[in-house]
Amino acid sequence: AHLTTMAWSASGFTVTSAALSNPPPGAIPAFVSPQTAGSSFPLYLAAYGTTPTDSQCGIIEAYSGAKSLKFWSTYINPGTGTRQVTINGTSIATAEGASAFQAVTFTNGQAVVTAKYKDAGSLAISMKDQVAHPDLPNGIRGGTGAFVSVPATFQITGIQRTDNGAANPAATTAAGAVFLPAGRPFTATVTALDAEGSATPNFGKETPAESVRLAPNLVLPAAGTLGTTTSTTGFASFTNGVSTGTDFAYSEVGIITLTPRIADGNYLGAGDVAGTTTGNVGRFIPNDFLV
C-alpha cells in the first residue's frame, strides 16, 4: 500500500488530458490512462475551486501570468524505479521534498505542459505552487492521480532450438529447412520497449509481475490448423525490460510467426499490448508417427 499525505484546500490544480471549457463541465473528465511509455503527452492544469472573494467553484481566471511550480512523480506499481518523468523536457523529482521550481505561464487560470515517461508501470504526477496569492492565500496543488504507462511494443529476438542452439531457419516454403519437431522446446528473448526504442526497465517488476506470451499466426500450410504456443516457465523474470525463455513449444507442423502480447491480456488493468510480429518461425515437422 502507498499512503500519501494530502493537504485539503478550497482550491487546487485540476489536471486533465484536454483543456477545460469555461465554465467547466459538470463532471470533470479524469486524466487519461493509459499513456504510452516514451510518448509525450499533455498535462492541462487549471486553477480550480473557490477564492475568498468568490464562493462559486470554477476556474480561477485571476490566476494568470508566469508562475513557479514544483513537479514530482510518485512510483505506484512498481513502487520504485530508475526513470524520471520529464516536464517540458526537464527531469522532475520522485518525491515532493526534492522537487524544484519550473516556470509555467497561465492564461485565465489555465496552462499546459508536456510530460514524458520512458518506463512502464503505474505512477502519478503532482505539482504545487507554494507561494501565497491574493486569490489563493494557501498556495495551490494538484495531480493526475494514478495512471498506467504501458510499453509501446515488445520485440522478439534470438529464436533458436533449446537443445542445440541452432538458429531458427525462418523457412518460407514446405521444402524449407527444418527448425524443430512439433512440441519440442525453443528459446526466445523478449524486450519491452518504449516509443523511442528504449527498453522499459520496470516492466516485469510489478506486483504481481506482468509477463509476455507468444501468440502464433499461421503462415503455412495456408489452409492448415493453427496450433498453440505453450510454455511452463516462459518469460519468468525480467531484468532491465529483457527476459529469455527456454521452454516454448508449438503444437502443430508448418511455418508460423509469433506476436508477443501481455501474458494475461491486461497490463495493470489497462488492457493488452501487441508487440512486433516476428518473421517466419519454422519449419515445424511431426515429432514421430504412430502406426
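The values are calculated or read from the model by the stated rules, or taken from the named source; none is laboratory data. Keep in mind the model is a prediction, meaning the values are calculated, not measured. Here the Cβ positions follow ideal geometry from the backbone for every residue, glycine too, while neighbour counts run over all protein chains shown. SASA here: full protein model, heavy atoms, side chains in, ligands and nucleic acids out. Shrake-Rupley method; radii C 1.70, N 1.55, O 1.52, S 1.80 Å.
If Ala209 meets every condition in (1) part of a loop (DSSP other than H, G, I, E, B); (2) in contact (Cβ under 8 Å) with a residue 40 or more places away in the chain apart from one, which number is that one?
Every condition holds for Ala209 apart from (2).
Looking at (1) assigned to a strand (DSSP E or B); (2) open to solvent by less than 60 Å² (accessible area, probe 1.4 Å), which one does Ala103 not meet, given that it meets all the others?
Here Ala103 meets the rest and fails (2).
Sort out which residues of the range 106-143 are open to solvent by less than 20 Å² (accessible area, probe 1.4 Å), assigned to a loop (DSSP other than H, G, I, E, B) and at pLDDT 95 or above, and write them in order of number.
Matches in the range 106-143: Tyr117, Asp119, Ala120.
May I ask you to list the residues in the range 11-33 that are surrounded by 13 or more Cβ atoms within 10 Å (Cβ to Cβ) and either of a type in the set (A, V, I, L, M) or modelled with pLDDT of 90 or more (or both)?
Matches in the range 11-33: Phe13, Thr14, Val15, Thr16, Ser17, Ala19, Leu20, Ile28, Phe31, Val32, Ser33.
Residues checked against (1) over 16 Å from Gly279 (Cβ atoms); (2) free of Cβ contacts under 8 Å to residues at least 24 places away in the same chain; (3) in contact with a Gly (Cβ under 8 Å, 6 or more places away or on another chain):
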{"position": "Ala174", "(1), (2), (3)": "yes, no, no"}
{"position": "Pro181", "(1), (2), (3)": "yes, no, no"}
{"position": "Thr189", "(1), (2), (3)": "no, no, yes"}
{"position": "Ala195", "(1), (2), (3)": "yes, no, yes"}
{"position": "Arg213", "(1), (2), (3)": "yes, no, yes"}
{"position": "Ala236", "(1), (2), (3)": "yes, no, yes"}
{"position": "Ala249", "(1), (2), (3)": "yes, no, yes"}
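Consider Arg184 against the criteria (1) in contact with a helix residue (DSSP H, G or I) (Cβ under 8 Å, 6 or more places away or on another chain); (2) open to solvent by 30 Å² or more (accessible area, probe 1.4 Å); (3) not small (Gly, Ala, Ser): it satisfies all of them except one. Which criterion is unmet?
The failed condition is (1).
Collect the residues in the range 191-214 that are open to solvent by 20 Å² or more (accessible area, probe 1.4 Å), closer than 16 Å to Asp264 by Cβ and not charged (D, E, K, R), keeping them in residue-number order.
Thr207, Pro208, Ala209, Ser211
Of the conditions (1) in contact (Cβ under 8 Å) with a residue 12 or more places away in the chain; (2) hydrophobic (A, V, I, L, M, F, W, C); (3) surrounded by fewer than 19 Cβ atoms within 10 Å (Cβ to Cβ), Ala167 satisfies every one except a single condition; which number is it?
Unmet for Ala167, out of (1) in contact (Cβ under 8 Å) with a residue 12 or more places away in the chain; (2) hydrophobic (A, V, I, L, M, F, W, C); (3) surrounded by fewer than 19 Cβ atoms within 10 Å (Cβ to Cβ): (1).
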